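The values are calculated or read from the model by the stated rules, or taken from the named source; none is laboratory data. The model shown is predicted, which means the values in this text are computed figures rather than measured ones. Because the Cβ atoms are built from the backbone with ideal geometry, glycine has one as well, and the counts that use them run over all protein chains shown.
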Amino acid sequence: MIQCKTSKEISGMGHSMKRKEDDRFVHGKGHYVDDVKLPGTLYMDIVRSPYAYAKIKNIDTTEAMKVPGVLAVVTGRDLEKYNLHWMPTLMSDTQMVLPTDTVMYQAQEVAAVIATTKYGARDGREAVRVEYEPMKAVVDPYKALEPDAPVLRTDKEGKKDNHIWHWEVGQKEETEKIFNEAEVVVKEQMHIPRIHVSSIETCGCVADYDKINNHLTMYMTTQAPHAIRTVIALVAGHVGLTEEKIRVISPDIGGGFGGKVPVYPGYVIAIAASFLIGKPVKWIEDRSENLQADSFARDYHITAEMAGTKDGKILATRMKVLADHGYTDASANPSKFPTGMFSIGTGSYDYPHAFMEADAVYTNKPPGGVAYRCSFRVTEAVHAIERITDRYALEIGKDPAAVRFQNFIQKDQFPYHSPTGWEYDSGDYVQGLEKAMKAVDYDGLRKEQAEKRKKGELMGIGLSTFTEIVGAGPSKDFDILGIKMFDSAEIRVHPTGKAIARFGTKSQGQGHETTYAQIIAEELGIPASNIQVEEGDTDTAPYGLGTYASRSTPTAGAAAAIAARKLRDKARKIAAYLLEVSEDDLEWETGKFYVKGMKDVPEKSKTIQEIVFAAYTNHPQGMEAGFEATHYYDPPNLTFPSGAYICVVDIDPETFEIKVRRFVAIDDAGNIINPMVAQGQVHGGLTQGLAPAMYEELIYDEDGNILNGTFMDYLVPTAVESPSWETGHTVTPSPHHPIGAKGIGESPTVGAPPAIANAIVDALKPYGITHLDIPITPYKIFKALKEKGVLD
Ligand code: MCN
Ligand code: CUM
């Protein structure tokens, strides 16, 4: 049970207050970027490449310009005149805005049509004639590294291969020595598939350049409005668009999931078009464009190895990654680590040595890599460690739960220093797994499974006991183009004691309007319903780095608490003045200061509302009037949420259809602000974990054609496919966070896939199957059994 310190009326931390924003959403009053309707708006549509790799011989715009309403067709050559045809990526690589001579992936932007109507722009798009000279695409990342592979990035002077970077961490020699001498060594080759966030709302913007005032207002679906404003200023400063002349407004967002962190070429083209024409330009992607061309997630090929003793003690792990980044390294991964937080890969287990290395490679696919509730690639790391731990348990013939208990980092070992250089803040992994096992009746399930196996029935039980790492971040390791990854909160309390609070983050559905208000309510005793939360307008919100990597609670949530505490300090001074006592004689109880020992004497206390009123009407002379505070929070460390997930599957012995019978998720995100919101995050996140485990994968043929570029073929699970998720939690507060909270937004998507994969592989254990790559489909099971000679 979560203990609430505040009353329901105040609704501080721990209250399942209903989400304030939902009134707006359920009444159809949400305001999304496509709802922005400005007088004189022009519409943009984008011509896209049918080839994955081709030279552009010619772009003929004659017919397109004849289409009624078409005003302009913008090509790479046009942008080149302003040096706007390339832009920087967040990983210090470069990306085309529009190509001048070569296209690098199917669906890449080739030209943009600007018209007075949406349909005119679409018709104009169809009328643009592009002459291509197709070239042999490089699709397989392993082949891309072969010596005779064509070099894709010929724009980079002196580039002789498709290799992007090499990264390694850990103890290479010690690990090798352990592997050479260990009693047991297991190894599996895994692919974490390329997937797509497929948010309900696609990406889009309205670029509104005002020539008279030289001012750009950019309405857009971005998770990081301030960072985008800075990027625009850096890219377009040379044409006079300096940062004070740019306002980015991110209205309501219909799901981001990481796909709305990057800067897409469409945004830059829309800005350029509005800048040149002087009218607002709207660009809204359609569903297929979103799926085919926007930032993808994952695509890691991992060789995972574990060394241990015969009786279950893990001694070391080794992981080798090949990362397919597409044609440019545009991961939204603002850290000094090119693999993001993949090096959390020793998981929840305590052993002294590990070694991880990764190589990234260019291929003729869309760029991306970090999206989809990934915590900067913890998804990949957790999948590898949780799968290989199960593989090890299988090898030594021990129950996977027993192996986990044997190797868990114990709660008194925190702060725990991992062999790959992280300092885990807190956790109680034993308690979490015990709770999950109790919830499913683990021993009972194993008995049932043994009975079923005798009858040839396929039932599997899968575990995942993962550690997450979120809250980017300590500024020493995390920045976007040099801007440190702090985040901010500004609280302004009006004379009547009602407040507005603004943040540098940006909710995309996570419920910040409610939960940030609850943090402030907890600290100041002002009812959460009287605290208006605003995000997403760079003209009004304090500078912040945005919402992704489950960082809002760890960073801006902390900033909210500290800004509120600054106000409480001021309130104490005012209360002392009003009550004519010394500050030390006062005590705080949510919502009021009272003279020590006189809690129940009305005239010996002042409520926060009375104090705030005095700040405007009767403040002590010499004290600054008003009641507002700002805080920029640079976290001392990341937070380390964890989870113990158990999945039970039944597989049809004839069709191999997989049914998730039960799924229990015990999460630990430290102190919880709003249990209902947190549970909602877990439910949604679990379905997004089920997705890559069983359904989703972007598939390309050998020419780089996407084979499932529409929702007819790319399977996004819905409520129909989802089991009834069972959730619960344990609470180990983060010791360095002002309210002891850790992030939770991505945990379920990080933890669920290996639990499901482990359950399916466990069901197939009697047939000698040791690993299956996700998404695990009935056909994959059929093929694997066939290969094992089980089926004729
Ligand atoms: N929360 C809480 N108690 C905690 C931790 C969190 O009550 N101890 C609440 C927070 O107050 C917040 C929500 O849970 O309302 C998520 O908080 P947090 O874990 O800090 O994550 P962020 O707000 O930074 O959200 C980002 C995270 C990411 S990275 C992806 S991807 C994702 C996710 O959130 N995208 C989402 N969840 C999503 N949910 C929706 N509806 N839409 C998305 O696009
Ligand atoms: Cu990795 S998806 Mo979220 O960080 O926006």
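Restricting to the range 740-754, name every residue that is more than 10 Å from the chain's Cα centre (by Cα), within 20 Å of GLY259 (Cα to Cα) and near ligand 1 (Cβ under 6 Å from one of its atoms). Residues satisfying the conditions are GLY743, ILE744.
Restricting attention to the range 644-657, and to residues there that are over 19 Å from ASP441 (Cβ atoms) and touching a Gly at 6+ places or on another chain (Cβ under 9 Å), which single residue is nearest to ligand 1 (Cβ to nearest atom)? For the range 644-657, the residue satisfying everything is ILE651. If the condition is being under 15 Å from GLU589 (Cα atoms) and touching a Pro at 6+ places or on another chain (Cβ under 7 Å), then the range 10-31 contributes ILE10, SER11.
On the given criteria, is SER295 among the polar types (S, T, N, Q) and surrounded by 24 or more Cβ atoms within 10 Å (Cβ to Cβ)? Yes. When we screen ALA307, ALA227, ALA330 for residues that are on the phi < 0 side of the Ramachandran plot, within 16 Å of ligand 2 (Cβ to nearest atom) and either of a type in the set (Phe, Trp, Tyr) or not assigned by TED's automatic domain parsing to the domain that holds PRO88 (or both), the only hit is ALA330. Residues in the range 43-90 that are touching a Pro at 6+ places or on another chain (Cβ under 7 Å) and among the aliphatic types (A, V, I, L, M): 3 in all. Filtered by the rule that a residue be in contact with a Pro (Cβ under 7 Å, 6 or more places away or on another chain), in a helix (DSSP H, G or I) and surrounded by fewer than 24 Cβ atoms within 10 Å (Cβ to Cβ), the range 683-701 gives THR687, MET694, TYR695. The strands (runs of 3 or more DSSP E) found wholly in the range 563-672 include none carrying at least 3 residues that are in the same structural domain as ASP428 (by TED's automatic domain parsing), more than 27 Å from LYS498 (Cβ to Cβ) and within 16 Å of ligand 2 (Cβ to nearest atom). Got at least one residue in the range 612-631 being within 16 Å of ligand 1 (Cβ to nearest atom) and surrounded by 21 or more Cβ atoms within 10 Å (Cβ to Cβ)? No: zero hits.
So that you can scan it fast, the table gives a plain yes or no per residue for (1) out of contact with any Phe, Trp or Tyr (no Cβ under 9 Å at 6 or more places or on another chain); (2) of a type in the set (Gly, Ala, Ser); (3) more than 11 Å from VAL128 (Cα to Cα):
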| residue | (1), (2), (3) |
| --- | --- |
| ILE56 | no, no, yes |
| THR61 | yes, no, no |
| VAL67 | yes, no, no |
| LEU71 | yes, no, yes |
| ARG77 | yes, no, yes |
| ASN83 | yes, no, yes |
| TRP86 | yes, no, yes |
| THR89 | yes, no, yes |
| THR94 | no, no, yes |
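Number of residues in the range 474-525 that are within 16 Å of ligand 1 (Cβ to nearest atom), aliphatic (A, V, I, L, M) and in a loop (DSSP other than H, G, I, E, B) equals 1. For the range 702-714, a residue qualifies if it is in a loop (DSSP other than H, G, I, E, B) and buried (at least 17 other Cβ atoms within 10 Å of the Cβ), and the qualifying residues are GLY704, ASN708, GLY709, TYR714. Scanning the range 515-560 for residues being within 16 Å of ligand 2 (Cβ to nearest atom) and of a type in the set (S, T, N, Q) gives a total of 5.
Remark: pairs (first residue in the range 739-767, assigned by TED's automatic domain parsing to the domain that holds CYS647; second residue of a type in the set (D, E, K, R) and within 15 Å of ligand 1 (Cβ to nearest atom); Cβ separation under 6 Å; 6+ apart in sequence or on different chains) = GLU746/ARG373; SER747/GLU468; SER747/ASP667; THR749/ARG373; VAL750/GLU468.
The sole residue among HIS215, HIS191 that is more than 29 Å from the chain's Cα centre (by Cα) and either within 16 Å of ligand 1 (Cβ to nearest atom) or surrounded by fewer than 22 Cβ atoms within 10 Å (Cβ to Cβ) (or both) is HIS215. Would you be able to say whether some residue in the range 269-290 is assigned to a helix (DSSP H, G or I), touching a Ser or Thr at 6+ places or on another chain (Cβ under 7 Å) and within 16 Å of ligand 1 (Cβ to nearest atom)? Yes, the range 269-290 contains at least one residue that is assigned to a helix (DSSP H, G or I), touching a Ser or Thr at 6+ places or on another chain (Cβ under 7 Å) and within 16 Å of ligand 1 (Cβ to nearest atom). Does LEU715 satisfy being under 23 Å from ALA293 (Cα atoms) and out of contact with any Lys or Arg (no Cβ under 6 Å at 6 or more places or on another chain)? Yes; evaluated as a whole, the condition is true for this residue. One residue stands out in the range 534-561 among those that are more than 10 Å from ligand 1 (Cβ to nearest atom) and among the charged types (D, E, K, R): the one that is farthest from ILE739 (Cα to Cα), namely ASP539. Among the helices (runs of 4 or more DSSP H) confined to the range 333-443, the ones with at least 1 residues that are away from ligand 1 (no atom under 16 Å from the Cβ), under 18 Å from VAL321 (Cβ atoms) and in contact with a strand residue (DSSP E or B) (Cβ under 6 Å, 6 or more places away or on another chain) are located at 378-396. Among the residues of the range 163-213, those that are in contact with an Asp or Glu (Cβ under 6 Å, 6 or more places away or on another chain) and of a type in the set (D, E, K, R) comprise GLU168, LYS187, ARG194. Of the numbered criteria (1) at positive phi; (2) without any contact (Cβ under 8 Å) to a residue 12 or more places away in the chain, the one ASP412 fails is (1). Take the conditions (1) within 16 Å of ligand 1 (Cβ to nearest atom); (2) not in a loop (DSSP other than H, G, I, E, B); THR718 misses just one of them, which is (2). Checked against (1) assigned by TED's automatic domain parsing to the domain that holds PRO766; (2) among the β-branched types (Val, Ile, Thr); (3) buried (at least 24 other Cβ atoms within 10 Å of the Cβ), ILE396 passes all but condition (3).
Based on what the data block shows, is LYS365 of a type in the set (Lys, Arg), surrounded by fewer than 21 Cβ atoms within 10 Å (Cβ to Cβ) and away from ligand 2 (no atom under 16 Å from the Cβ)? Criteria not met by LYS365.
TYR300 meets the conditions (1) aromatic (Phe, Trp, Tyr); (2) more than 16 Å from ligand 1 (Cβ to nearest atom); (3) under 16 Å from THR89 (Cα atoms) in every case but one. The failed one is (3).
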